[in-house]
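The values are calculated or read from the model by the stated rules, or taken from the named source; none is laboratory data. Here the structure is a predicted model, which is why all the values come from computation and not from measurement. Quick reminder, even Gly has a Cβ in these numbers, built from the backbone with ideal geometry, and neighbours come from all protein chains shown. With ligands, DNA and RNA removed, areas are computed over all heavy atoms of the protein, side chains included. Shrake-Rupley method; radii C 1.70, N 1.55, O 1.52, S 1.80 Å.
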Amino acid sequence: MEGLSMTSSPPQSLEDRVRSIVAEHRDDRGALLPILHAVMEDMGHVDPAAIPILADELNLSRADVYGVITFYHDFRQTPPGRKTVRICRAEACQAVGAAQLADNAKERLGVGFGETTPDGSVTLEQVFCLGNCATGPSVQVDGRLYGRVSPAQLDGMLEVGA
Ligand code: FES
């Protein structure tokens with residue numbers, strides 16, 4: 001950092017935030033996973049720029065860190081949209097129309113699961129059980145759970161600003 005002595009780093013640079021999260025969780029069992037969850041909670045995604053920092057802090061290879069991030073679908077590498085819509089794809093919801101909801105959402109948004117619309121408005125995700133099996137199909141919008149969701153209701157949920 002000596003070479004940058006004329007300009008000081010902002011106090012909350014990505015590197016500072018990641019190193020501070022690592023410091024909080026370094027002693028957790030299997031530290032990488034809790035750290036990645038904490039990074040997701042703090043930043044909404046795991047920025048690829050965090051990978052070398054995590055590797056350095058945890059004495060892992062970048063490939064190790066990258067492998068874990070890509071293995072677990074919970075970890076996204078791009079910022080989420082302004083709204084996150086998660087459709088349950090587990091068995092009970094599949095039996096009552098989740099597949100149609102999923103197809104409708106993909107077609108309407110023009111994105112697949114794990115993707116965000118180009119305007120950054122909506123991120124579409126699939127989940128496997130939201131604990132609401134008796135009243136499926138279940139959809140979660142920005143953390144709020146909805147049951148017995150009809151295609152028309154889902155259309156409303158996909159509206160920006162709705
Ligand atoms: S199967 Fe969809 S909420 Fe459990």
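Of note:
- For segment 64-121: rounded, prolate or oblate by the Cα gyration tensor [a/c cutoff 1.5]: oblate
- Degrees, to the nearest 10: 14-25 long Cα axis against longest axis of the chain: 80 degrees
- Net length gained if the chain between residue 43 and residue 13 were fully extended (0.36 nm per residue, minus Cα distance): 9.7 nm
- Inter-label distance, residue 61 to residue 31: 2.0 nm, where each label sits 7 Å from its Cα along the C-beta direction.
- Shape call, the chain: gyration tensor on alpha carbons, a/c limit 1.5: prolate
- Here the relative contact order of the chain, from alpha carbon pairs under 8 Å that lie six or more residues apart, stands at 18 percent.
- Interchain or long-range residues, amide H under 5 Å from residue 77's placed H: 46
- The chain - mean residue ellipticity at 222 nm from DSSP helices (-39,500 (n - 2.57) per run, n ≥ 4, rounded to 500): -12000 deg cm²/dmol
- Among 22, 12, 36 the positive-end extreme of the charge dipole of segment 2-71 (Cβ point charges): 36
- Only Lys, Arg, Asp and Glu carry charge here, each on its Cβ (+1 for the first two, -1 for the last two); on that basis segment 49-162 has a dipole of about 260 debye about its Cα centre.
- Nearest-ten-degree value, helix 32-43 long axis tilted from longest Cα axis of the chain: 80 degrees
- The Cα-based radius of gyration and maximum Cα-Cα distance (Dmax) for segment 2-71 are 12.6, 41 Å.
- Solvent-accessible area per residue in the chain equals 58 Å², computed with a 1.4 angstrom probe and all protein chains kept.
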